[in-house]
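Some notes on the structure that comes next.
The values are calculated or read from the model by the stated rules, or taken from the named source; none is laboratory data. As the structure is a prediction and not an experimental result, all values here were calculated from the model. Glycine also receives a Cβ, built like all others from the backbone with ideal geometry; neighbour counts cover every protein chain displayed. Side chains are part of the model used for accessible areas, which takes the heavy atoms of the whole protein and leaves out ligands, DNA and RNA. Shrake-Rupley method; radii C 1.70, N 1.55, O 1.52, S 1.80 Å.
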2 protein chains.
Amino acid sequence: MKHLLEKVLSSKQVFRGRYLKVEQDQVQAPDGKTYVREYILHPGAAMMIPLLSNEKVVMVHQYRHAVKQVFLEFPAGKRDRGEETLLTARRELREETGYEAKDWKFLTTIHPVIGYSNEHIDLFLARDLTAAPQQLDHGEFLEVVEVSPDELMKFVREGKVTDVKTQIGAFWLDKILHGEWN
Amino acid sequence: MKHLLEKVLSSKQVFRGRYLKVEQDQVQAPDGKTYVREYILHPGAAMMIPLLSNEKVVMVHQYRHAVKQVFLEFPAGKRDRGEETLLTARRELREETGYEAKDWKFLTTIHPVIGYSNEHIDLFLARDLTAAPQQLDHGEFLEVVEVSPDELMKFVREGKVTDVKTQIGAFWLDKILHGEWN
């Protein structure tokens, strides 16, 4: 794959907004020419599939202003600086839903925006849940719901779960619950 | 879901780079307070699963500078202004792989970055393929490969296909080829 690589010639931050940081690099491409590449700098994130003993999953309804729609999502959030994503997952589960989990299993890492962000999301399965009070961040508004895995797959198929991390979580859960993946 | 909505108070473009545009909105949230929301303005995109008569899928290896890795991906690309995504899909399939398809089926729409981009990607299944010359864009470098659906699912499970649109395409193809979804 080495013949596809690009070499960084220079790198600078060209925008720093309230939340978003944009990096602009000059690169030397495989044809020897110089090109500009631009992307968002992101600290990474964690998402978890909280599976209750009644076989339902804990999810959230959240309005997402960028798309101007309410989404059905698995709980997730950005890493604090230097934080391991398992800690991020524990924190976000507690903050967004009030649940704590004793049993955590790492599933996979995904890259949601390879064209223009370095974001990665680590996905976990969270079991052995106990309820505690929800502790939302300032400016965060969401509603906790319980969904059965069958309903969730129906929503995916019908185009009602379009958030990628959530849809990928649904497919992994489907494989795990059917005993195809462990 | 109305109680989760946010009202736009003002909206301005705060960054316009070589490729990326950032919008910053002031919104009124459900608690009546004002918050800042920032996101990338994106024209939307199309991705297709090109299924050959030998049951393999046509994919591309592409270096993605934002993540600094080579990814195994389904062919995809951004919409030209006002273009229907089926046209985008036809164009990108031809440009990136050289294939043309007679049989196109819309599968679903996904949102890869609901936290900070309005991007959506329409996913298509492309069958009845014929080969023609590849016509890459300026500054685009990629390598076409054929992969069997079983191999692809193995790569997903092993964390070797981390690009979300591609992983979601793999799961949809898996459901379709097993006759669970049509």
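Miscellaneous remarks
Yes or no, residue by residue, for (1) at pLDDT 95 or above; (2) more than 8 Å from chain A (Cβ to nearest Cβ):
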position: B:133; (1), (2): no, yes
position: B:148; (1), (2): yes, yes
position: B:152; (1), (2): yes, yes
position: B:163; (1), (2): yes, no
position: B:172; (1), (2): yes, yes
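- Members of region A:116-156 found to be within 19 Å of residue B:112 (Cβ to Cβ) and touching a Phe, Trp or Tyr at 6+ places or on another chain (Cβ under 8 Å), listed by number: A:116, A:117, A:118, A:122, A:123, A:156
- Residue match in region B:79-101 (condition: of a type outside the set (Asp, Glu), within 30 Å of residue A:17 (Cα to Cα) and modelled with pLDDT of 95 or more): yes
- Among (1) in a strand (DSSP E or B); (2) open to solvent by less than 30 Å² (accessible area, probe 1.4 Å), the one test that residue B:9 misses: (2)
- All of (1) open to solvent by 50 Å² or more (accessible area, probe 1.4 Å); (2) part of a loop (DSSP other than H, G, I, E, B); (3) touching a Lys or Arg at 6+ places or on another chain (Cβ under 9 Å) hold for residue A:55 with one exception: (3).
- Extreme residue, farthest from the other protein chains (Cβ to nearest Cβ), among residues of region B:115-131 that are assigned to a loop (DSSP other than H, G, I, E, B) and open to solvent by less than 40 Å² (accessible area, probe 1.4 Å): B:119
- Any hit, region B:104-114, residues being under 11 Å from the mean Cα position of the chain (by Cα), free of Cβ contacts under 8 Å to residues at least 12 places away in the same chain, within 14 Å of another protein chain (Cβ to nearest Cβ) and surrounded by 15 or more Cβ atoms within 10 Å (Cβ to Cβ): yes
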